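Computed from the coordinates by the stated procedures, all read-outs in this text should not be read as laboratory data. What you are looking at is a predicted structure, and each value in this text was computed from that prediction instead of being measured. Cβ sites come from the backbone with ideal geometry, for glycine too, and all protein chains shown count toward neighbours.
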Amino acid sequence: MRKTFIAAAALCVLVLSAPAVPAQTAETEKAQDIRRLLEITHAVESGLAGVREGIVMARRTMPQMPERFWQELEKEAEKEFRTEGFLSEMAAIYDKHLSGEDIKALIAFYQTPTGQKAIKILPQILSESGAIGARRGEQMGLRVAERLRAEGVAPFAHPPQSTPPPVTTPPARRRPKS
């Protein structure tokens, strides 16, 4: 009987001295802070703006696609970026790379006038930077293709086409007669 009482008392001491689920509370707090950061920085709207820019660029490279395709694609992106699944995936990235303190510091920064300015202008900076990168990438590709052509190497197995080549099926093989 006395051994049971001592074991129960020891168990009570252990349970009462253990922290009251701090890791779970910290994770919950961090997750809430990440959601707040995503809201403050308009992450969903920024993502959608990037998709819209991508659609504009894709339209130029794929003029054969009907207008309805692009409209439906934009509608689909609008729905997809506003799902809980998308937000959870975004939050997981922030959780992986930033500590709870980092998240709190970013929230504090984005609530300052400079942070608010950054939220407004960063999408434009990224857009303009992306355009520079795309232009330079295209120029590099053309220079390399020209150099290879001068060396007698065809840079393309088939010259680029504005419409994809038709899909053809190879002829059926004949079975040899036995």
Students often check this: by mean Cβ neighbours within 10 Å, which of 103-109, 92-98 ranks highest, and how do the rest follow? 103-109, 92-98
Quick note on Arg35, Arg136, ordering by fewest other C-beta atoms within 10 Å, gives Arg136, Arg35
Roughly how many debye, to the nearest 20, is the charge dipole of region 98-146 about its Cα centre, given +1 on each Lys and Arg Cβ, -1 on each Asp and Glu Cβ, and no other charges? 140 debye
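At a Förster radius of 35 Å, what calculated FRET efficiency corresponds to the Cβ-Cβ distance of Ile119 and Leu148, to the nearest 0.05?
0.20
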With the charge dipole of region 37-136 built from beta-carbon charges (+1 for Lys and Arg, -1 for Asp and Glu) about the Cα centre, the Cα from Ala92, Gln116, Gly130 projecting farthest to the positive end belongs to Gly130
